[in-house]
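This report refers to the structure that appears directly beneath it.
The values are calculated or read from the model by the stated rules, or taken from the named source; none is laboratory data. All values derive from a computational prediction rather than experimental measurement. Glycine also receives a Cβ, built like all others from the backbone with ideal geometry; neighbour counts cover every protein chain displayed. Just so you know, the surface numbers come from the protein's heavy atoms only, side chains and all, with ligands and any DNA or RNA stripped out. Shrake-Rupley method; radii C 1.70, N 1.55, O 1.52, S 1.80 Å.
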Amino acid sequence: MSALSDQVVSIATLVYLLAMISHAVEYALGNSRVKVAAAPARELVGAAVGGSSGATGAAGSGSATGAAEDGGSTGTADGVAGTGGDTARTPAERTARRAALAGWIAVALTAVGAALHLVGLVTRGIAAERMPWGNMYEFVLTVSFIGVSAWLVVLWKVPSLRRLGLFLTLVMVLLVATAELVLYTPIVPLVPALNSYWFIVHVSTVVFASGLFLLGSVPAATYLMRAGYERGKRSFPYTLAKKLPAAASLERLTFVLHAFAFPLFTFAVIAGAIWAEAAWGRPWGWDPKETWSFISWVIYAGYLHARATPSVKRNVAAWLAILGFLTVMMNLFGVNIFFEGLHSYGGL
């Protein structure tokens, strides 16, 4: 089962990579500008009044072309039809259809990758005869799975956010590949302090909240780029947001995800304190992981407070959301790698 888990996770990583490439194809096609030659003006000829043999010609209007940036597609109005009366699809429309097809292929690949991801976690848990959260490798795999699953739910509810998938799949490839190449550890029994029912209660809520924070950091970062683009900034990285959804939609999604994740994270911190009291005889000891959990909690509380305060700019709140996720990553990677404490279960 352990070998099967490793193989399935490797395949899932490749599928996520293909999904990212498909999203990139959609993004590239959506950003293209297809030049369409204007249809020849229709000549209107009328009989002269007053005995003149001259003809009077009036030029009709040609075709109109418009680009809808927020929607992520390029549209071209049909020109004047030929004698048969049928309108042929324009090059811009064909490009838009190909872009949409690439986008939905990317979504399908992401769903397949998530299914394989889940199989890898389940087989890992079966092989270990416990929940697969005992070390950094397993924790990163679980957090990333929660993140991609939440993304698929969001996409099902709001399909217009599909182009965020490029950035989400990029994060997924980086995290899962890092777990495989850097953090991988063979299956080992849990350390004695983790053999408790609190292991499921505390760690499951931490994992779920961290996965939502992971997903929430994507619209927070893209909001900053899109908001800058809407204000007229055309330098890198603002041009990357040219075909993203409107900044208001990204900001709203950021808030919804964090508003849902923060109570879970609060419960996880409280549950961890109760577990620490039972395991070590004290609820809080400023262990490195406890300290960084508190830092994350304060920053995310600051984000929600800033988001609810009209006088605070949305950009400031978005930066707080990103900073909060960086502290979560510090707690996951930095504490386990660079610090020693009662929570050092990285397995490296």
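Okay, residues lined up against (1) outside any loop (DSSP other than H, G, I, E, B); (2) open to solvent by less than 40 Å² (accessible area, probe 1.4 Å):
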position	(1), (2)
ARG163	yes, yes
LEU170	yes, no
ALA177	yes, yes
TYR184	no, no
LEU190	no, yes
ALA193	yes, yes
ILE200	yes, no
PHE208	yes, no
LEU212	yes, yes
**Q.** Residue identified as open to solvent by 50 Å² or more (accessible area, probe 1.4 Å), at pLDDT 95 or above and under 21 Å from LEU175 (Cβ atoms) among PHE260, PHE325
**A.** PHE260
Q) LEU250: open to solvent by 40 Å² or more (accessible area, probe 1.4 Å) and either touching a Lys or Arg at 6+ places or on another chain (Cβ under 7 Å) or assigned to a helix (DSSP H, G or I) (or both), yes or no? A) no
Q: Tell me which residues, restricted to the stretch 302-317, are touching a Lys or Arg at 6+ places or on another chain (Cβ under 9 Å) and open to solvent by less than 20 Å² (accessible area, probe 1.4 Å).
A: ALA306, ALA317
**Q.** Failed item in (1) surrounded by fewer than 18 Cβ atoms within 10 Å (Cβ to Cβ); (2) within 16 Å of TYR300 (Cβ to Cβ); (3) not basic (Lys, Arg), with PRO283 passing the rest
**A.** (2)
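Out of the residues in the stretch 263-280 that are of a type outside the set (S, T, N, Q) and within 21 Å of ALA306 (Cα to Cα), which is most open to solvent (accessible area, probe 1.4 Å)? Let's see the steps before the verdict.
First, the residues of the stretch 263-280 that are of a type outside the set (S, T, N, Q): 263-265, 267-280.
From what's left, within 21 Å of ALA306 (Cα to Cα): 263-265.
On the way: PRO263: 74, LEU264: 50, PHE265: 16 Å².
Among them, the one singled out is PRO263.
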Q) With (1) modelled with pLDDT of 95 or more; (2) surrounded by 15 or more Cβ atoms within 10 Å (Cβ to Cβ); (3) farther than 22 Å from MET172 by Cα; (4) out of contact with any Gly (no Cβ under 6 Å at 6 or more places or on another chain) as the list, and ILE299 as the residue in question, which single condition is left unmet? A) (4)
Q.
Quick check on the stretch 123-131. Is at least one of its residues in contact (Cβ under 8 Å) with a residue 60 or more places away in the chain and either among the charged types (D, E, K, R) or closer than 30 Å to ALA28 by Cα (or both)?
A. yes
